[in-house]
Amino acid sequence: MNIHEYQAKELFDRFQVPSPKGKVAATAKEAYDAAKWLGVKHLVVKAQVHAGGRGKGTFKNGFKGGVHLVESAESARDVATQMLGEVLVTKQTGDDGRLVRKVMIAESVTISRELYLAILMDRETSQPVIVVSTEGGMDIEEVAEKTPEKILREYIHPLAGLQAYQVRKICHNLDMGTNARQFGRLLHSLYKLFIDCDCSMVEINPVVVTTDDHVYALDAKFNFDDNALYRHPEISAMRDTDEEDPREVAAAAHDLNYIGLDGNIACLVNGAGLAMATMDIIKHFGGDPANFLDVGGGASKEQVTAAFKIILGDPNVKGILINIFGGIMDCNIIAEGVIAAAKETGLPIPLVVRLEGNNVELGKATLAASGLNIVSADDMSDAARKIVAAVQ
């Protein structure tokens, strides 16, 4: 799960991570009032969308940039008017862009130095790692490509936690000098936030040193471990489903694992490993998968029907491959769900079904007796060949 920048600032305040004051606004008047509330001359107006590269983005109404420096409440209101209700396109949103529903009005600071800081879970070592660079304010991917030696990593023992010597080491490598104490406090607070909130990533780009020698977290991006959100109802409440793929939102409501892709062959599979293998074999035979969809090991007829409807809601889908291995799953339940969904939707596109395992003969018989235009496959290769041929 991701959250907006203004929500990240709420977590910063809760865990005493220093950042400039700011307030969210959903209307131009609220933006004006927020600027007045801040009571400072130098302000920044930031579009609130789940995408990076906002500053270099362009609105479809022609307005340039999702981040603007202003010097009055009136200017903040005028900029917010240009942003709110408009679609912002950045290099991370794709051509469709994202609709801006809120902006954040924050105090602008005069920057003397920018740093990059992130804490994330390293999958290879199964422990947190702190990633820092002196090249803050830049795309970290660009830094990694052109000057990888400027990216430093410090691994944290999951039981011992962040140690004082590690903070000193990081401060030394970043040449923090007289700002080391402030940066160290920020790092300790951020690490506590990362652990206590079950984050999978916290990225601050940039951490800034101001001309009056303050250290602030200026911009933030958060990811949380979805499996731990039950422990954090206050964070779950921050979820903005308007920023998510509606298909993924619908799938989550039915406890289905769905990720939309760019192809035209939809997959409905039970088990993540089998789903990955199904996508691979579609590619092997010249097709392009439209999604990853794992209905799980014990899906109900209702879940299968819901999955089918989500698939058909994608206009790019030209064919469907259902690949089920019945271990815990009963193949006949899948067959009944497929028939119910096909009858309800009219099944306007080709459908290939491969069933194997528990109660497979009854499942195949149920499909055959349905009278629907469903193509049966003997194995994965046969299924992939048939669905690729059907969509071509």
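The values are calculated or read from the model by the stated rules, or taken from the named source; none is laboratory data. Model, not experiment: these values are computed from the prediction. For neighbour counting, all protein chains shown are included, and Cβ atoms are generated from backbone atoms with ideal geometry for every residue, glycine included.
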Of (1) over 28 Å from residue 96 (Cβ atoms); (2) in contact with a Leu (Cβ under 6 Å, 6 or more places away or on another chain), residue 236 fails just (1)
Among the candidates 280, 294, 379, 288, single out the residue that is exposed (fewer than 15 other Cβ atoms within 10 Å of the Cβ), at pLDDT 85 or above and in contact with a strand residue (DSSP E or B) (Cβ under 8 Å, 6 or more places away or on another chain). 379
Quick test for you: out of 161, 136, pick the one residue that is assigned to a loop (DSSP other than H, G, I, E, B) and under 18 Å from residue 218 (Cα atoms). 136
Among the listed residues 237, 299, identify the single one that is on the phi < 0 side of the Ramachandran plot and at pLDDT 85 or above. 237
Residues of the range 191-203 being more than 16 Å from the chain's Cα centre (by Cα) and β-branched (Val, Ile, Thr), in sequence order, are 195
Is it the case that residue 82 is of a type in the set (S, T, N, Q), surrounded by 19 or more Cβ atoms within 10 Å (Cβ to Cβ) and under 20 Å from residue 216 (Cα atoms)? no
Residue 149 being loosely packed, with under 14 Cβ neighbours inside 10 Å and either within 24 Å of the chain's Cα centre (by Cα) or assigned by TED's automatic domain parsing to the domain that holds residue 53 (or both): no
Checked the range 109-129 for anything assigned to a loop (DSSP other than H, G, I, E, B) and either surrounded by fewer than 18 Cβ atoms within 10 Å (Cβ to Cβ) or within 20 Å of the chain's Cα centre (by Cα) (or both); matches are 110, 123, 124, 125, 126
Restricting attention to the range 111-137, report how many residues are free of Cβ contacts under 8 Å to residues at least 24 places away in the same chain and not acidic (Asp, Glu). 3
Would you confirm whether any residue within the range 142-151 is basic (Lys, Arg), in a helix (DSSP H, G or I) and touching a helix residue (DSSP H, G or I) at 6+ places or on another chain (Cβ under 7 Å)? yes
Scanning the range 164-179 for residues that are assigned to a loop (DSSP other than H, G, I, E, B) and surrounded by 13 or more Cβ atoms within 10 Å (Cβ to Cβ), the one nearest to the chain's Cα centre (by Cα) turns out to be 174
Filter pass, residue 317 being buried (at least 17 other Cβ atoms within 10 Å of the Cβ), assigned to a loop (DSSP other than H, G, I, E, B) and in contact (Cβ under 8 Å) with a residue 24 or more places away in the chain: yes
Tell me whether the range 344-352 contains one or more residues that are more than 23 Å from the chain's Cα centre (by Cα), crowded, with 18+ Cβ neighbours inside 10 Å, at pLDDT 85 or above and part of a helix (DSSP H, G or I). no
What's the number of the only condition in (1) under 27 Å from residue 39 (Cβ atoms); (2) free of Cβ contacts under 8 Å to residues at least 60 places away in the same chain that residue 101 fails to meet? (2)
Evaluate the following for residue 388: is it buried (at least 23 other Cβ atoms within 10 Å of the Cβ), touching a helix residue (DSSP H, G or I) at 6+ places or on another chain (Cβ under 9 Å) and either closer than 24 Å to residue 246 by Cα or in contact (Cβ under 8 Å) with a residue 12 or more places away in the chain (or both)? no
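Here's the yes/no breakdown for (1) within 23 Å of residue 49 (Cα to Cα); (2) among the hydrophobic types (A, V, I, L, M, F, W, C):
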{"site": "91", "(1), (2)": "yes, no"}
{"site": "98", "(1), (2)": "yes, no"}
{"site": "111", "(1), (2)": "no, yes"}
{"site": "119", "(1), (2)": "yes, yes"}
{"site": "126", "(1), (2)": "no, no"}
Has the range 40-63 got at least one residue that is surrounded by fewer than 18 Cβ atoms within 10 Å (Cβ to Cβ), at pLDDT 95 or above and of a type outside the set (Phe, Trp, Tyr)? no
Could you please find all residues in the range 346-377 being closer than 23 Å to residue 315 by Cα and of a type in the set (A, V, I, L, M, F, W, C)? 347, 349, 351, 352, 353, 372, 374, 375
Scan the strands (runs of 3 or more DSSP E) fully inside the range 204-271 and keep the ones with 3 or more residues being within 17 Å of the chain's Cα centre (by Cα), surrounded by 20 or more Cβ atoms within 10 Å (Cβ to Cβ) and in the same structural domain as residue 189 (by TED's automatic domain parsing). 220-224
